[in-house]
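Notes follow the structure.
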Amino acid sequence: MVILNSHFSQRSSPTEEEAIEVKAFVDLYNVSPATLKSEEHFECLLINGGCAISLPSAPAMGLNRVLGINSVNDLEEAYGWMKGKSGNRFLQVNMDRAPARTKDWILAKGLLEYGVGWAKLVYDGSSANLSEPNSIRTRHVHIEEAVLFGSMVCKGFNFPSTLTRLWSAIVGKVGWSCFFALDGDNPVGTATMYQSGTYAWLGGGTTLPEFRNRGIQKALIKSRIEHGLCNGVSTFAVETLAPAEGEPNISFDNLRKVGFRHAYHRKNFKL
């Protein structure tokens, strides 16, 4: 089960765009099989609207990080918890919004920046303009295809096959919508959406290597927006690697082409 801390004092809370991401990853943990949690040492700590999440066997930063907290007290709690975990561990902070005390805390801990950071992008549903039809067919993943979906996500993100159960678990769960992109009738791309209230988080977007650079992820972005709009979503949030000068960034470019705006930048710090 998710560990809850007991300190609900007046501390800074995450933005709505950050909060929906936190909720998605906490729910990903909640719906995961108990055997996966035990065997893979999958753990999650919820801290005042933010969280720390640890899945050492997952190579992705997204499953081994501290997210959505800014206060020094909360950071100390998350830092202590994460230091007891194995594998790579990270802290993600929007430094433009972080209080001075938080910046001082990062310096005092000697935390080093890692990579170019992540970009948070947001799509306003009230200005949706998706008139251009998808050239690639997409559809919802059926319950009986959960294992196929999970295995494709793992293949696309280069996760070990033991984590197929992680992504299979969200198919058909409340709040989650999972999609395939098709080549003929064959699934070749995956994507997911988590909705809470009028906010939605987009993730799980990957394409089988031999089908990349054909517009599949752009089609899956549009399909999720269309689905969300039909189900009361007003704001869509997603994160991806921040653009770096002179480096291609297909994921960021696809989101911008569909109409997402760059909301802010998060720096990554190695714990």
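See the values below:
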read-out: Residues satisfying the stated conditions in region 170-195, i.e. open to solvent by 10 Å² or more (accessible area, probe 1.4 Å) and of a type in the set (Gly, Ala, Ser); value: GLY172, GLY175, SER177, GLY184
read-out: Candidates LEU112, LEU107, LEU91 - the one that is modelled with pLDDT of 95 or more and open to solvent by less than 20 Å² (accessible area, probe 1.4 Å); value: LEU91
read-out: Among the residues listed as ARG256, ARG224, ARG266, the single one being within 17 Å of the chain's Cα centre (by Cα), in a helix (DSSP H, G or I) and under 26 Å from CYS154 (Cα atoms); value: ARG224
read-out: Hey, LYS222 among the basic types (Lys, Arg) and open to solvent by 40 Å² or more (accessible area, probe 1.4 Å) or not; value: no
read-out: LEU28 within 21 Å of THR192 (Cα to Cα) and assigned to a helix (DSSP H, G or I); value: yes
read-out: Where THR198 falls short, out of the listed (1) open to solvent by less than 50 Å² (accessible area, probe 1.4 Å); (2) in contact with a Ser or Thr (Cβ under 6 Å, 6 or more places away or on another chain); value: (1)
read-out: Which listed residue is of a type in the set (Gly, Ala, Ser), in contact (Cβ under 8 Å) with a residue 40 or more places away in the chain, part of a loop (DSSP other than H, G, I, E, B) and open to solvent by 50 Å² or more (accessible area, probe 1.4 Å), from SER86, SER57; value: SER86
read-out: Options THR240, THR235; residue that is in contact with a helix residue (DSSP H, G or I) (Cβ under 6 Å, 6 or more places away or on another chain), touching a residue at least 24 places away in the same chain (Cβ under 8 Å) and either under 15 Å from SER127 (Cβ atoms) or open to solvent by 10 Å² or more (accessible area, probe 1.4 Å) (or both); value: THR240
read-out: Pairs, first within 10 Å of ALA52 (Cα to Cα) and open to solvent by less than 20 Å² (accessible area, probe 1.4 Å) in region 71-82, second basic (Lys, Arg) and not in a helix (DSSP H, G or I), C-beta under 9 Å, six or more apart; value: MET82/ARG65; MET82/ARG89
read-out: One residue from ARG256, ARG212 being open to solvent by 20 Å² or more (accessible area, probe 1.4 Å), of a type in the set (Lys, Arg) and free of Cβ contacts under 8 Å to residues at least 40 places away in the same chain; value: ARG212
read-out: Count - residues of region 95-128 that are assigned to a loop (DSSP other than H, G, I, E, B) and small (Gly, Ala, Ser); value: 5
read-out: Conditions (1) open to solvent by 20 Å² or more (accessible area, probe 1.4 Å); (2) polar (S, T, N, Q); (3) at pLDDT below 95: number failed by ASN5; value: (1)
read-out: Residue list for region 167-196, filter: without any contact (Cβ under 8 Å) to a residue 24 or more places away in the chain and assigned to a loop (DSSP other than H, G, I, E, B); value: VAL174, GLY184, ASP185
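The values are calculated or read from the model by the stated rules, or taken from the named source; none is laboratory data. Computed from a predicted structure; not experimentally measured. Reconstructed Cβ throughout: ideal geometry from the backbone, glycine too, with neighbour counts over all protein chains shown. Ligands, DNA and RNA are excluded from the accessible area calculation, which covers all protein heavy atoms including side chains. Shrake-Rupley method; radii C 1.70, N 1.55, O 1.52, S 1.80 Å.
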